[in-house]
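Here is the structure we will look at.
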Amino acid sequence: MDTDGLRATAAQLVAPGRGILAADESTGTIKKRFDSIGVESTEGNRRAYRNMLFTTPGLAEHISGVILFDETIRQSAIDGPPFAELLAASGIVPGIKVDTGAKPLALFPNETVTEGLDGLRERLAEYRELGARFAKWRATIFIGDAVPTDFAILSNAHTMARYAALCQEAGIVPIVEPEILMDGDHSIEACEAATARTLSALYAQLAGHRVDLAGSLLKVNMVLSGADAATQAGPSEVAEATLRVLRANVPADVAGVVFLSGGQSDVNSTVHLNEMNRTAPHPWPLSFSYGRALQAPSLKAWAGDPTKVQDGQRALAHRARMNGLAQTGDYSDEVESSAA
């Protein structure tokens with residue numbers, strides 16, 4: 001295992017002022033996004049959309065890595081090289097989603113376990129040949145009556161640790177992503193408790209599987225009120241609860257923490273990240289790995305119109321810059337308004 005190489009790549013992904021663009025939507029998920037703008041989800045349209053994103057001028061200034069989907073890592077830019085080569089040439093690290101999705105956990109109602117370990121060693125070797133230098137695996141944890149159970153948490157933690165070990169064996173940095181979903185009316189306290197249980201189990205399993213934490217990243221939810229909760233926690237409460245649970249459960253030698261937006265609005269996800277980084281330093285860099293929170297304004301501005309590619313790129317560049325500022329605690333309402 002090339003420990004030094006893994007650690008260098010992990011550090012590059014959380015460099016100051018930069019974060020990760022998650023562009024790894026499955027074919028089904030991106031169809032829903034395209035449906036919202038009235039665009040047919042064909043291979044050509046998906047390629048054109050990703051081409052718009054990845055050729056955004058100055059993207060590498062605030063984006064350190066891009067997570068790709070299996071289809072996308074096999075595609076080439078319009079009149080250009082394969083997407084992975086295009087990104088690498090601009091100083092952006094190409095990554096790949098490798099899990100095959102969360103499936104119902106047998107005999108555990110309302111809980112899931114993520115699949116995708118079958119054939120993973122061989123797929124990782126292929127993805128590395130295609131240019132991937134990091135990977136992502138997502139588990140989903142629900143909060144509700146009598147859930148999450150300890151067994152569901154352990155099942156996902158064990159599976160994720162096996163994935164992470166296989167990644168490092170292949171020379172690929174693993175991002176482990178346990179997501180406590182916002183769905184429901186639970187309190188921020190319930191989210192904090194579920195997040196703590198999940199992270200504690202995950203890092204016990206990673207240690208047992210001999211994963212080098214300095215060559216790995218954690219992608220995790222912020223500690224938030226449920227989407228349907230009558231009382232919604234404010235930015236300072238979110239920041240305090242999130243930092244508290246991270247400090248209690250995430251070892252200091254993890255290379256970095258990159259937050260998922262998890263259904264937050266594009267601006268709220270930036271505000272919350274900035275609030276946490278205003279109180280730096282922390283044991284690890286705190287950055288972002290956003291999908292919809294980075295892409296939504298760009299998707300709307302582009303709307304499938306070839307004449308509006310620059311509009312879409314300006315929207316992405318703006319959100320990338322705002323989150324880059326939040327990664328160093330330098331974001332403000334004033335800079336949001338003036339830059340827009």
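The values are calculated or read from the model by the stated rules, or taken from the named source; none is laboratory data. Here the structure is a predicted model, which means the values were calculated and not measured. Here the Cβ positions follow ideal geometry from the backbone for every residue, glycine too, while neighbour counts run over all protein chains shown. Ligands, DNA and RNA are excluded from the accessible area calculation, which covers all protein heavy atoms including side chains. Shrake-Rupley method; radii C 1.70, N 1.55, O 1.52, S 1.80 Å.
What to note about this one:
To keep it simple, each residue is scored yes or no on (1) open to solvent by 40 Å² or more (accessible area, probe 1.4 Å); (2) among the charged types (D, E, K, R); (3) in a strand (DSSP E or B).
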| position | (1), (2), (3) |
| --- | --- |
| Gln264 | no, no, no |
| Ser269 | no, no, no |
| Leu273 | no, no, no |
| Thr279 | yes, no, no |
| Pro283 | yes, no, no |
| Ser289 | no, no, yes |
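- The single condition among (1) over 24 Å from Glu129 (Cβ atoms); (2) surrounded by fewer than 19 Cβ atoms within 10 Å (Cβ to Cβ) that Gly171 does not meet is (1).
- Complete set of residues in region 291-302 that are open to solvent by less than 10 Å² (accessible area, probe 1.4 Å) and free of Cβ contacts under 8 Å to residues at least 40 places away in the same chain: Ala293
- The residues listed here are Ala248, Ala229, Ala204; of these, the one that is under 26 Å from Asp333 (Cβ atoms) and more than 17 Å from the chain's Cα centre (by Cα) is Ala229.
- Which listed residue is touching a His at 6+ places or on another chain (Cβ under 9 Å) and modelled with pLDDT of 95 or more, from Val238, Val267, Val245: Val238
- Gly312 more than 22 Å from Pro16 (Cα to Cα), open to solvent by less than 10 Å² (accessible area, probe 1.4 Å) and part of a helix (DSSP H, G or I): yes
- Met222 falls short on exactly one of the conditions (1) open to solvent by 50 Å² or more (accessible area, probe 1.4 Å); (2) under 21 Å from Leu21 (Cβ atoms), and that condition is (1).
- Elements of the type helices (runs of 4 or more DSSP H) sitting completely within region 1-107 and holding at least 1 residues that are open to solvent by 60 Å² or more (accessible area, probe 1.4 Å): these cover 3-13, 27-35, 43-54, 83-89.
- Verdict on Ala152 being touching a residue at least 40 places away in the same chain (Cβ under 8 Å), open to solvent by less than 30 Å² (accessible area, probe 1.4 Å) and of a type outside the set (Lys, Arg): yes
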